[in-house]
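Peer 1: Please read through the structure below; I'll follow up with questions.
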Amino acid sequence: MNFDEKYGGGRALILGASGGIGAALVRRLQPVMQVETLSRSTGGLDLTDEASIAAAVQSLTPGYRLIFDATGALEIDGRGPEKTIAAIDPAAMAAQFALNATGPALLLKHLVPLLADGGPALFATLSARVGSIGDNRAGGWIAYRAAKAALNQIVRTAAIEVSRKRPEAVVVALHPGTVESDLTRKYLGRHPSVPAAEAAENLANAMARLTPAHTGGFFDWRGDVVPW
Ligand SMILES: NC(=O)c1ccc[n+]([C@@H]2O[C@H](COP(=O)([O-])OP(=O)(O)OC[C@H]3O[C@@H](n4cnc5c(N)ncnc54)[C@H](OP(=O)(O)O)[C@@H]3O)[C@@H](O)[C@H]2O)c1
């Protein structure tokens, strides 16, 4: 079953809809789903401020088939990823964890109760392959990698709990591929990359293949398992 057959007609909530991947996903889903969006720049949703999440949730109605978290950052307050352990900065590391790990954890806390009961219901958050410990061969980017690795553990743990009460729900971390967006603008170099629209199509295809047996996993844009 393709994405449109599986989720078409349902309601979707996209967090971080102002971002490169988030906006492309909104454009991809709008023709087939009822899409609602929340963003920091347009709606005041700040993942580092739980009160702003709780306030945003007040205006939402339960019953989402898809809740997709496309928030996150590689560079926070002008501080880019470290290349060496000598550059580790506690404040920058704390900021990475606050946004890329604690932030999605708070989204799980406030939004899982809004997933649809019965039928497909998916909570997906954008992790990153560089958060894979098993796949780390290049070093560097310590705080971002560690925050995404923590996010993966949060997703795994939450998925186990969610499956007890909602056996049909799926909670996953996704790697979108290397995507042309503000986040990667300074870092792409000669690395192969895809436009955000292509990434959104890839993610939709990967999501279509997810079943409850996949909950708690970490998958890339092809739907392949990424090692922890
Ligand atoms: N691009 C890639 O190649 C790539 C690869 C692997 C993983 N990822 C992951 O994919 C996700 C999205 O990346 P992207 O490329 O689309 O980046 P992007 O274009 O920079 O978008 C980032 C999004 O995160 C939001 N955001 C940032 N800080 C926030 C905060 N404190 N509270 C709430 N929202 C916040 C931004 O909101 P505002 O603009 O409204 O402030 C924006 O919507 C990130 O988690 C990233 O780690 C991306």
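The values are calculated or read from the model by the stated rules, or taken from the named source; none is laboratory data. As the structure is a computational prediction, the values presented were derived from the model and not from experiment. Every residue, glycine as well, gets a Cβ built from its backbone with ideal geometry; the counts of neighbours run over all protein chains shown. Remember, those area values only see protein heavy atoms, side chains included, never the ligands or the DNA or RNA. Shrake-Rupley method; radii C 1.70, N 1.55, O 1.52, S 1.80 Å.
Peer 1: For the pair Trp228 and Arg209, how long in nm is the line joining their label points, each one 7 Å along Cα→Cβ?
Peer 2: Taking the two extended label points, one gets 2.2 nm.
Peer 1: Could you give the length gained on full extension between Lys109 and Arg137, defined as 0.36 nm per residue of separation minus the Cα-Cα distance, in nm?
Peer 2: Length difference between fully extended and current span is 6.8 nm.
Peer 1: Related question: For the chain, what is the charge dipole size about the Cα centre, in debye to the nearest 20, if Lys and Arg each add +1 at the Cβ and Asp and Glu each add -1 at the Cβ?
Peer 2: Here the size comes out at about 340 debye.
Peer 1: Between the stretch 170-228 and the stretch 50-83, how many Å separate their Cα centres?
Peer 2: Here the answer is 17 Å between Cα centres.
Peer 1: Taking all pairs of different Cα atoms in the chain, averaging 1/r and flipping that mean, what Kirkwood radius in angstroms comes out?
Peer 2: Values: mean 1/r = 0.0570 Å⁻¹.
Every distinct Cα pair counted, the radius reaches 17.5 Å.
Peer 1: Based on Cβ point charges of +1 for Lys and Arg and -1 for Asp and Glu, what charge dipole magnitude is obtained for the stretch 98-228 about its Cα centre, in debye rounded to the nearest 20? List each step's numbers first, then the result.
Peer 2: On the way: 14 positive and 10 negative charges, 77 e Å.
Roughly 380 debye for the stretch 98-228.
Peer 1: May I ask for the net charge around Ser132, where only other residues with Cβ less than 14 Å from the Cβ of Ser132 are counted and Lys, Arg are +1 while Asp, Glu are -1? Before the final figure, lay out each step's value.
Peer 2: Values: positive: Arg129, Arg137, Arg145, Lys148, Arg156; negative: Asp135, Asp220, Asp224.
That works out to +2.
Peer 1: A further question follows. Leaving out ligands and nucleic acids, note down the accessible area per residue over the chain with a 1.4 angstrom probe, in whole Å².
Peer 2: Ligands and nucleic acids excluded, the result is 47 Å² per residue.
Peer 1: Of Gln30, Gln153, Gln96, which is the most mobile in a GNM of the chain whose springs link Cα atoms less than 10 angstrom apart?
Peer 2: Of the options given, Gln30 has the highest mean-square fluctuation.
Peer 1: Give the whole-number value, in cubic angstrom per residue, of the convex hull volume spanned by the C-alpha atoms of the stretch 108-191. Before the final figure, lay out the partial values.
Peer 2: Details: hull volume 10.3 nm³, N = 84.
Given the Cα convex hull of the stretch 108-191, per-residue volume reads 123 Å³.
Peer 1: Rounded to a whole number, what % of the accessible area of the chain do carbon and sulfur atoms account for, probe 1.4 Å?
Peer 2: 54
Peer 1: Follow-up question, since we're still on this one. Assuming 0.36 nm per residue, please report the length gained on full extension of the stretch Gln34 to Glu198 beyond their Cα-Cα distance.
Peer 2: Stretched fully, the Gln34-Glu198 segment lengthens by 57.0 nm.
Peer 1: Starting from the Cα of Arg164, step 7 Å toward the Cβ, then list every residue of the stretch 211-228 with an amide N under 16 Å from that point.
Peer 2: 216
Peer 1: Here's another thing I want to ask about it. Using a Gaussian network for the chain with springs between C-alpha atoms less than 10 Å apart, which of these wobbles most: Leu188, Leu115, Leu13?
Peer 2: Leu188
Peer 1: Sticking with this one: Calculate the FRET efficiency for Ile85 and Ala51 from the Cβ-Cβ distance with a Förster distance of 30 Å, rounded to the nearest 0.05. Mind dumping the intermediate values first?
Peer 2: Numbers: r = 35 Å, r/R0 = 1.17.
Computed FRET efficiency for Ile85 and Ala51 comes out at 0.30.
Peer 1: Still on this structure: With both bridge residues required to lie in the chain, what share of the DSSP beta bridges run antiparallel, to the nearest 5%? All intermediate terms of the calculation are to be shown ahead of the outcome.
Peer 2: Working: 2 of 26 bridges.
Counting DSSP beta bridges with both partners in the chain, the antiparallel share is about 10 percent.
Peer 1: Which one, Pro120, Pro176, Pro90, has the greatest fluctuation when you compute a Gaussian network model over the chain with C-alpha springs under 10 angstrom?
Peer 2: Pro90
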